[in-house]
Amino acid sequence: MPHLPNPLPDAEAQCRQLADRIHPELAKNPALVGIHSGGAWIAERLKELLGLSEDIGLIDVSFYRDDFAEKGLHPQVRPTAIPFDVEGRHLILVDDVLYTGRTTRAALNELFDYGRPASVQLAVLADRGGRELPVAAQYCIWNVELAEGENLTLAQADDGRLAWRLEHV
């Protein structure tokens, strides 16, 4: 198994790379929807980097998780806020790490409660494999393999800067 780079990649530089990859899609006037919390931070950064004036959408998938009965309500549930019409709109769903695909599935379920978008693309900073559902990101900066018991987490510092942390669980 490949070793993780030390130090971990610069999440801010990865956001800039992601913005560069998404930039050609701006002709379709897509709306950004960030999944709480890491995806919301990245979506906000993408809004700045791409010079978008429209507010981003924010989704908390807690109630839509298929493991809700097992895990219960997360103590930091945040409200979903979609400040634009989803119907017929091109959307870019943003998350920090793509893993099993279950968070993405939950986000799609919730998005469709707001209407039927023209398209939904997925943008992530990191894809760690391990898919349990047929989900793939159209925009991904970093494919990473983690050892058993390792978890990759995006953190936001007090000054707003994003940084990766490797946690051992």
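Values in this text are rule-based calculations from the coordinates and carry no lab data. The structure presented is a predicted model; accordingly, all values stated were derived computationally and were not measured. FYI the Cβ positions are ideal-geometry reconstructions off the backbone, even for glycines, and counts take in every protein chain you see.
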>> Please list, in order along region 4-12, the HN-Hα scalar couplings obtained from phi with the Karplus expression 6.51 cos²θ - 1.76 cosθ + 1.60 (θ = phi - 60°), rounded to whole Hz, x for Gly and Pro.
In response: 5, x, 10, x, 5, x, 6, 5, 5
>> Can you tell me which of S37, S62, S53 moves the most in a GNM of the chain? Springs connect C-alpha atoms under 10 Å apart.
In response: S53
> In nm, to one decimal, how far is the modelled label at A118 from the one at D158, with both set 7 Å along Cα→Cβ?
Replying inline: 4.4 nm
>> Pick from D159, D55, D96 the residue whose mean-square fluctuation is largest in a GNM of the chain, springs joining Cα atoms under 10 Å.
In response: D159
>> Please report the antiparallel percentage of the DSSP beta bridges confined to region 11-168, to the nearest 5.
In response: 30 percent
> Among residues other than P117 whose Cβ falls under 13 Å from its Cβ, what is the net charge (Lys/Arg +1, Asp/Glu -1)?
Replying inline: -1
>> What would the Debye equation give as log₁₀ I(q)/I(0) for region 11-168 at q = 0.14 Å⁻¹, counting only Cα atoms as equal point scatterers?
In response: -0.67
>> Using only DSSP helix segments of four residues or longer, with each worth -39500 (n - 2.57), what per-residue ellipticity at 222 nm results for the chain after dividing by its residue count and rounding to 500?
In response: -7000 deg cm²/dmol
> How much net charge surrounds L4 when only other residues with a Cβ under 11 Å from its Cβ are counted (Lys, Arg +1; Asp, Glu -1)?
Replying inline: -1
